[in-house]
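Everything on this sheet refers to the single structure shown next.
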Amino acid sequence: MTIQGKKIVLGITGGIAAYKTPELVRQLTAAGAEVSVVMSRSAHRFVTATSLQAVSGRAVRDDLWDSSAEAAMGHIELARSADCILIAPATAHSCAKLAQGEADDLLSTLCLAAPCPIAIAPAMNQQMWQHPAVQRNIEQLRSDGVLIWGPDSGDLACGDVGPGRMAEPTELVAEIEALFGPQRLKGARVLITAGPTREPLDPVRFISNQSSGKQGFALAEAALGAGAEVTLVSGPVEIATPRGATRIDVTTAREMHDSVMATVGDHDIFIGVAAVADFRPDAVRAEKIKKASGHHAMSLELVENPDIIAAVAARPDRPLAIGFAAETEHILEHAREKLARKGLDLIVVNDVSDRRIGFDSDDNEVTLVTVDVEHTVPLASKRVVSRAIIERIADLYEQTTSPRSRQGRSARKL
Ligand code: PMT
């Protein structure tokens, strides 16, 4: 087990999802971790310290002023010795405190004093989760390097349906295992495109699509977690750059093409997640297009954009080339056709007619298609799906960097 002997501090704050934490502690200890539980004052309203002490086999702490523990500066000792702090559930209030760097209780003080990775599993009502203030705090935490695991979408304790459920204990254990797992892409340089492109018509209008960038950015995070150096070429999106990634912002398909071509030579792996516009208006009008009276229709002349991923795969020094396919029918046939036509090593296909997955959703379900193997990753958060994709990419990368295949790498053909 990858987390055998790891010292995990589990911070529990006051939300209804706290009822899941004894099970989380049980699974972590069963996997070999040493779990120390720290509770906020309001966490006691949802779960008892007695239960948590029983499942962790350790005294539960909740007081910065505990004289027996603090005689030896216990909070600093706990912070220093932890391999990871996970706050689950993380309430809106605890996220705000962490984002502000407050230290008014044991858990928040520990977080400031700990040199180890900190992860949070947010859990709250969906309206609260989507509130700009909460999202601002989450973006602040993300850019401070805090790992954000969840929330999941679904039925909430308050009766609402939407994003806000704490990630399940099994998922959180898998996240911690991945955190301490082997860094299979250590030393590899990965270039990822993400988000939509915008193709302008006139100074105020453009043609685009609903890509949010969530899938591409989740893959960037997973690749960073696997030890890779990551460059993200992103269309216009509203998400924070994963810590450690180098981000290049672009707007149009041709800008994305030029940025990719300028940088891909320094990369070992290319992953095209972006929803690139296949066509653009043949000319961008200098002035806003006016509605002419008496005309009830207008036509637009479109010209083809360069196919970025096909151009990458055609290079003599090509990296491992992975594409995505957004399909609505005959998805596997279309994916296989794109794999061959674009000359890719792997294509990841998602059925974007399913509203639960694909464009602008938190979840995805994909099939990984190579010339000889098809493997489906079941419905899960884009974070979890991305880890599975990165594992498969690491398999292919290890094959291509093995001494035997290294020789023929530049001549690799499907
Ligand atoms: O961003 P999200 O909201 O999280 O949504 C994720 C997603 C649905 C955008 C993602 O999972 C996805 O399917 N991305 C591929 C979208 C797409 O454009 O698919 P395609 O089948 O049209 O293109 C196939 C491949 O060719 C893709 O790797 C694409 O990046 C690439 N391509 C397409 C056209 C073009 N001119 N150049 C390209 O490189």
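The values are calculated or read from the model by the stated rules, or taken from the named source; none is laboratory data. None of these values were measured; they are calculated from a predicted model. Cβ coordinates were reconstructed from backbone atoms using ideal geometry, including for glycine residues, and neighbour counts include every protein chain displayed. For accessibility, only protein heavy atoms count, side chains too; no ligands or nucleic acids. Shrake-Rupley method; radii C 1.70, N 1.55, O 1.52, S 1.80 Å.
In order along region 165-182, phi translates into HN-Hα couplings of 6, 5, 4, 5, x, 4, 5, 5, 5, 5, 5, 5, 4, 5, 4, 9, x, x Hz, rounded to whole numbers, per the Karplus curve 6.51 cos²θ - 1.76 cosθ + 1.60 with θ = phi - 60° and x for Gly and Pro.
Across the chain, Cα pairs under 8 Å and at least six residues apart give a relative contact order of 11 percent. Loop-resident chymotrypsin sites (Phe, Trp or Tyr not before Pro) (DSSP state other than H, G, I, E or B) in region 10-94 with no more than 14 further Cβ atoms inside 10 Å of their Cβ: 65.
Histogrammed with a bin width of 10 Å, the alpha carbon distances of region 56-179 distribute as 13, 41, 34, 12, 1 percent, first bin at zero.
Per the Cauchy relation, a quarter of the hull surface: what is the mean projected area of the convex hull of the alpha carbons in the chain, in nm²? Mean projected area for the chain: 23.7 nm², to one decimal. Within the accessible surface of region 7-180, defined with a 1.4 Å probe on protein heavy atoms only, the carbon and sulfur portion equals 52 percent. Put a plus charge on the Cβ of each Lys and Arg, a minus charge on the Cβ of each Asp and Glu, and nothing anywhere else: the dipole of the chain about its Cα centre is then about 580 debye. Along region 223-233 the Karplus relation, 6.51 cos²θ - 1.76 cosθ + 1.60 evaluated at θ = phi - 60°, assigns HN-Hα couplings of 5, 4, x, 8, x, 7, 8, 10, 10, 10, 9 Hz to successive residues, with x for each Gly and Pro. Charge dipole of region 7-180 (Cα centre as origin; +1 on each Lys and Arg Cβ, -1 on each Asp and Glu Cβ, all else neutral): 100 debye, rounded to the nearest 20.
Hey, how many Å between the Cα centroid of region 190-228 and the Cα centroid of region 345-370? Going from one Cα centre to the other spans 15 Å. For the set 298, 128, solvent exposure ranked by accessible area (probe 1.4 Å, protein chains only) runs largest to smallest as 298, 128.
DSSP beta bridges fully contained in the chain are about 30 percent antiparallel. Per-residue ellipticity at 222 nm, computed for the chain from helices alone with -39500 (n - 2.57) per DSSP H run of at least four residues, works out to -9500 deg cm²/dmol. Taking all protein chains together, 355, 41 sort by accessible area into 41, 355, largest first [probe 1.4 Å]. Comparing 31, 67, 106 along the charge dipole axis of region 7-180, the residue lying farthest to the positive side is 67, per the Cβ-charge model. Straight-line cross-link reach from residue 214 at under 30 Å between alpha-carbon atoms covers these lysines, not counting any fewer than eight positions away in the same chain: 20, 97, 186, 338, 342, 382.
Say R0 is 30 Å: what FRET efficiency, to the nearest 0.05, do residue 77 and residue 158 get from their beta-carbon distance? Working from the Cβ atoms, E equals 0.20. Sorting 44, 75 by solvent-accessible area of protein heavy atoms yields 44, 75, largest first, with a 1.4 Å probe. Each residue was assigned an accessible area with a 1.4 Å probe, and for residue 116 the value is about 20 Å².
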